[in-house]
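One structure below.
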Amino acid sequence: MLYDIFIDPFVQMYEMPDFFLQVLWEGFVAGILYALIALGFVLIFKASGVFNFAQGIMVVFAGLTLVGLNENGVPAYLALLLTIAVMGVLAYGVERVVMRPLVNQPEIILLMATIGLTYFLIGFGEFVFGGEPKQMIAEQLGLPTGSTAFEMGERGLIILQHIDIAAAVIAVVMVAALGVFFNKTRIGRALRAVADDHQAALSVGISLNQIWAIVWFAAGLVALATGIMWGARSDVSFALEIVAFKALPVLILGGFTSIPGAIVGGLIIGFGEKIGELYWGGLVGGGIESWLAYIIALIFLLFRPQGLFGERIIERI
Amino acid sequence: MNAFALDTTTAPSDETVKAERELLLRVDNVSLSFGGVKAITNISFDIQKGEIRAIIGPNGAGKTSMLNVINGFYHPQEGTITWQGQVRRKMKPYEAASQGIARTFQNVALFKGMTTLDNIMSGRSLKMHRNFFWQMLWRGPAEKEEIEHRRKVEDIIDFLEIQAIRKTPVGRLSYGLQKRVELGRALAMEPDLLLLDEPMAGMNLEEKEDMSRFILDVNQEFGTTIALIEHDMGVVMDLSDRVVVLDYGKKIADGPPEEVQANQDVIDAYLGVSH
Amino acid sequence: MFYREAGQFKTSYKADQALLPILQDRIGLAVILLTAFVLIPVFANDFFLTSIMIPFLVFALAAIGLNVLTGFCGQLSLGTGAFMGVGAYAAYKLTSIFPDANVILMVLLSGVFSAAIGAVFGLPSLRIKGLYLAVTTLAAQFFLEWCFIRIPWLYNYNASGAIEIPRREVFGVIVSGAEATPIARYFVVLSITAGIAYLMANVLRGRIGRSWMMIRDMDIAAELMGIRPLQTKLMAFAVSSFICGVAGAMMVFFWLNAAEPSSYSIRLSFQILFMVILGGLGSLAGSFLGAAFIWILPVILKFVPGLMGIDMAAETVEHATFMIVGALIIFFLIVEPHGFARLWQIGKQKLRVWPFPY
């Protein structure tokens, strides 16, 4: 028993390095996708203090809109532009209908409102485009779909899906773009000001409403990119909702306001989950992927309640 | 103990007469820091039974941190605290509370969702013991206990003259009244030592007069020992028996109000000299 | 004018501390109890009992359970569904092991198991607060759901992986299993829910209820006043999970007859959370109002298109329902973030001064 837990998995890792590397790659890709969802959360949380539960659903909603439009005869690139427009309308609508009337409410009320939004988007998406899972139009969008196998001498080979590589590249580009946006532009500065203190930002003439609409739009774009990547690996359907919950442990690890934190947190969860499932999951009957992420986050939390990148909390009174 | 010897030699000579009064609390060479920031450096002082002890000093001098140390919320890295003759080990805030230390806060820390009555009743928590099953039944022991303590609480409400707002949620009260309810809540604990953190901050003259009267009454009628932080020098000089002055986390003076008032270091700290 | 307390003087603290100190409230409660225990059983048909009243009461109890934890003690939980599941599986195992025991007793006893598990998952709450705690309860949700699937012992190795409730009699009346009459189930569910609601009302107005609210409103101040945070929070977790467990057991025993792990999924957790938020955090009456709203609204929505003569596919109706419920949740949060309970209070205030608007 002890051998199975503490020694055997590592022996396997050593004996079959190709399999181990493959697992690592899978973990890396899953981690990137978790990180992308978490990124959307972070954007909104930074600027408004709202924990946006709907981020996961926005991913599906964006993907669904894109595929749905294409199914109805809209060319792929036009559908992409239209979907971006839809995300813009959604951002404006959310700011107008949800955020503005609820300003200054306690965080749990805002959280509830975004869960309400989640329900609304699920209902709306299925109402318009139907409930059955759909195929992502990766090829039409010009994304690579093939795969390459790398041989590792006599020790086997690993297979990399091109779409996964594209996902990783796009994620890096997006994070870099957001970094520039936050740090170098006027709007980015206003955004950081809002994140620090709403009232102070208002008093120096920054429009809260405008900033909120912008961050929700930015989060919508991140959601669209995530939706395309994720949809290309599996189906586009609201079953993704469950996966989207995993953004929560990712955020816990990385801290609610840190973009690098979201990336690192996503990778830790991605690696941890895949390795845990494939090397230890079998011992208890498998399927531990469904909760391992939360337990990992929980263990981290018990030692560092402020997250990996958060500053130590000094309680004052 | 080394710390003890050090302290008696540096204490002013007229203190020795007063030292015969029983000591309630004694702080020896306490230092507290957060990361690299030193909040309190090597402070020693004591509080005698039955006195009103003021802690004053400019903003950021470490006064509130000192109170936090006394009621176990912060744990000093160095130094000892002696409570009623016993050296205190590192303890949790609730243990300090059960030993008889009550406290009010600089920024009112009432339970916002509860009424005035419930807030003051919450001060009785430590003195109520009926368990969950009696509470569920309510009729009988739980109800009897509740009424018994309600009576005590009503005495406090009468004393503080807040009968009219008994059933008002505290969130709706004015700042001055909230401070008063907070005092009531601390009094409900029937403490041996009452720590008041700026009880008169932000009050108008009339409210200050009321609050001073309550503090003096609590001290003289109930014999409760009080340690208070206050910025209003008039109030401090009138109310307190002894004053300790902190600046940049260090003790710069300790003694009766008149003496402290004349101390050159204190005058410098308040008026500012180039360091 | 209709709701005036003038002339009702309280001469003792006992009278002032009564659950409902005002005469009109007592009359109101009497009317509700009369309706629930006499009028509904006499006049309601089976459909009304099975599809509306029984689930409503089950959910109301679950909402009370969550309200104890989130509304009164301030600890956000997203694991309600799983704790209800623990109650259901525990009651199922208990009735399989002790087939002759009183099934109502077994349902109540199952709460002890969910209380124990709830307390275990409440342990991290000492160090973790607010939204961070949500991840703990999510861990509970997904971990327990996984257990319901992966531990065949829990469902007696059924091929279907579901639990099916056997026929059980209490004092000669069949209360569970397919043959139990709606009326018998209704009385069992009503008695348990009303009973627990009354006992909780007592707990919440006493020392323990106050200590929970102290932790909720200002945990540091509570600790400085002698409240032990871990003990108090764990008690809230245990009591809350007990109630949720009983509700979960009632859900399968007296309503659904059979349940799968997916019956106790995160969807259920959210459903209960909505009831609590919309009903009003920290209000027992609100738990009932919220449960009524969230449960009954979709039932009504299902029939609206038919009544209006519009022919819609069942699937479309379901999607539309999702959309409308989501929109209404946002709407009510905007109208009154403190829930129906607060609306009710405002209404009472208006009645007090009626016909004057001030």
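The packing ranking, built from the mean of other Cβ atoms within 10 Å per residue, places the peptides B:40-48, C:156-164 in the order B:40-48, C:156-164, highest first. Take the Cβ atoms of A:Glu241 and C:Phe43, set R0 to 45 Å, and the FRET efficiency comes out at 0.65.
Segment A:147-203 and segment B:202-263 have Cα centres separated by 57 Å. What you get for segment A:2-303, charging only the Cβ of Lys and Arg (+1) and of Asp and Glu (-1), is a dipole of about 1340 debye around the Cα centre. What residue among C:Leu224, C:Leu328, C:Leu108 has the largest mean-square fluctuation in a Gaussian network model of chain C, using Cα springs under 10 Å? Highest fluctuation among the options: C:Leu224.
Would you please give the FRET efficiency between A:Val180 and A:Ala85, computed as 1/(1 + (r/R0)^6) with r the Cβ-Cβ distance and R0 = 30 Å, to the nearest 0.05? That gives a FRET efficiency of 0.80.
With the simple spin-label model, which puts each label point 7 Å out from Cα in the Cβ direction, the A:Arg192 to B:Glu206 separation comes to 4.9 nm.
Provide Rg over Rh for chain C; use the alpha carbon set for both Rg and the Kirkwood Rh (inverse mean inverse pair distance).
Numbers: Rg = 21.1 Å, Rh = 21.5 Å.
Here Rg/Rh amounts to 0.98.
The relative contact order of chain B, computed from alpha carbon pairs under 8 Å that lie at least 6 residues apart in sequence, is 26 percent. Across segment B:65-79, coupling constants 3J(HN,Hα) worked out from phi with the 6.51/-1.76/1.60 Karplus curve, θ = phi - 60°, read 4, 4, 4, 4, 5, 4, 9, x, 7, 10, 10, x, 6, 9, x Hz, and Gly and Pro carry x.
With a simple spin-label model that places each label point 7 Å from the Cα along the Cα-to-Cβ direction, the separation between B:Met91 and C:Asp25 comes to 3.9 nm. Under 5 Å from the amide H of B:Leu25 lie the amide H atoms of B:Ile47, B:Gln84, each residue being 5 or more positions distant or on a separate chain, with H modelled from the backbone and absent for Pro and chain starts. Find how many whole Å separate the alpha carbon centroid of segment C:234-281 from the alpha carbon centroid of segment B:149-196. Their Cα centres are 39 Å away from one another. For B:Lys167, the lysines whose Cα falls under 20 Å of its own Cα, not counting residues fewer than eight places away in the same chain, are B:Lys112, B:Lys152, B:Lys179, C:Lys10, C:Lys14, C:Lys348, C:Lys350.
Take every Cα pair under 8 Å whose residues are at least 6 apart in sequence, average their separation, divide by the length of segment B:47-143, and the relative contact order is 14 percent.
Only Cα pairs under 8 Å and 6+ residues apart enter the sum, and on that basis the relative contact order of chain C stands at 30 percent. Between B:Met121, B:Met136, B:Met189, the residue with the greatest mean-square fluctuation in the GNM of chain B (Cα pairs under 10 Å linked by springs) is B:Met136.
Within the listed set A:Phe256, A:Phe150, A:Phe124, the residue fluctuating most in the Gaussian network model of chain A (springs between alpha-carbon atoms under 10 angstrom) is A:Phe150. R0 = 56 Å: FRET efficiency of A:Ile165 with C:Asn257, Cβ-based, nearest 0.05? For A:Ile165 and C:Asn257, the calculated efficiency is 0.65.
Counting only other chain Cβ atoms within 10 Å of each residue's Cβ, the peptide B:129-138 averages 5.
Once you reduce segment C:293-358 and segment A:49-85 to the center of their Cα atoms, the two points are 29 Å from each other.
Size of the dipole of the protein assembly as shown about the Cα centre, Lys and Arg at +1 and Asp and Glu at -1 on the beta carbon, nothing else charged, in debye to 20?
Numbers: 70 positive and 80 negative charges, 316 e Å.
Approximately 1520 debye in magnitude.
In this simple spin-label model, placing a label point 7 Å from the Cα along the Cα-to-Cβ direction at both B:Asp238 and B:Glu259 gives a separation of 2.4 nm. Our helix-only sum for the protein assembly as shown, with -39,500 (n - 2.57) per DSSP H run of n ≥ 4 divided by its residues, gives a mean residue ellipticity at 222 nm of -18500 deg cm²/dmol.
For segment C:259-358, the equivalent ellipsoid derived from the Cα gyration tensor has semi-axes of 30, 20, 11 Å, listed largest first. Taking a straight line from the alpha carbon of A:Lys246, these lysines sit under 18 Å away, with near neighbours fewer than eight places off in the same chain left out: A:Lys274. Neighbour counts of C-beta atoms inside 10 Å place C:Cys147, C:Cys73, C:Cys244 in the sequence C:Cys147, C:Cys73, C:Cys244, starting with the fewest.
As a proxy for reagent exposure, C:Tyr198, A:Tyr3 were ordered by neighbouring Cβ count within 10 angstrom, fewest first; the result is A:Tyr3, C:Tyr198. Legend: translational diffusion of segment A:2-303 by Stokes-Einstein, Rh = Kirkwood radius over C-alpha pairs, 37 °C, 0.692 mPa s; D = 161 µm²/s.
Going by neighbour counts of Cβ atoms within 10 Å, the residues A:His162, B:His129 line up, fewest first, as B:His129, A:His162.
Think of each Lys and Arg Cβ as +1 and each Asp and Glu Cβ as -1; about the Cα centre, that makes the dipole of chain C roughly 1140 debye.
When the alpha carbon gyration tensor of the protein assembly as shown is reduced to an equivalent ellipsoid, its three semi-axes come out at 51, 39, 28 angstrom, largest first.
Using Cα positions and a limit of under 17 Å, work out the lysines in reach of B:Lys38, with same-chain residues fewer than 8 apart set aside. In chain and number order, the partners are B:Lys63, B:Lys250, B:Lys251.
Positive end of the dipole of the protein assembly as shown (Cβ unit charges, origin at the Cα centre): among C:Gly7, C:Ile192, C:Gly65, the Cα lying farthest that way belongs to C:Gly7.
Along the axis of the charge dipole computed for chain A (Cβ charges of +1 for Lys and Arg, -1 for Asp and Glu, origin at the Cα centre), the listed residues A:Leu278, A:Ile228, A:Ala85 are led at the positive end by A:Ala85.
Around the amide H of C:Ser176, modelled in the peptide plane, lie the amide H atoms of C:Arg168, all under 5 Å away and 5 or more residues distant in sequence or on another chain.
Taken together, the values in this text are just the output of simple stated rules run on the coordinates, not laboratory data. In this text the structure is predicted, and so the values were computed from the model without any measurement. So basically every Cβ, Gly included, is an ideal-geometry build from the backbone, and we count neighbours across all protein chains shown.
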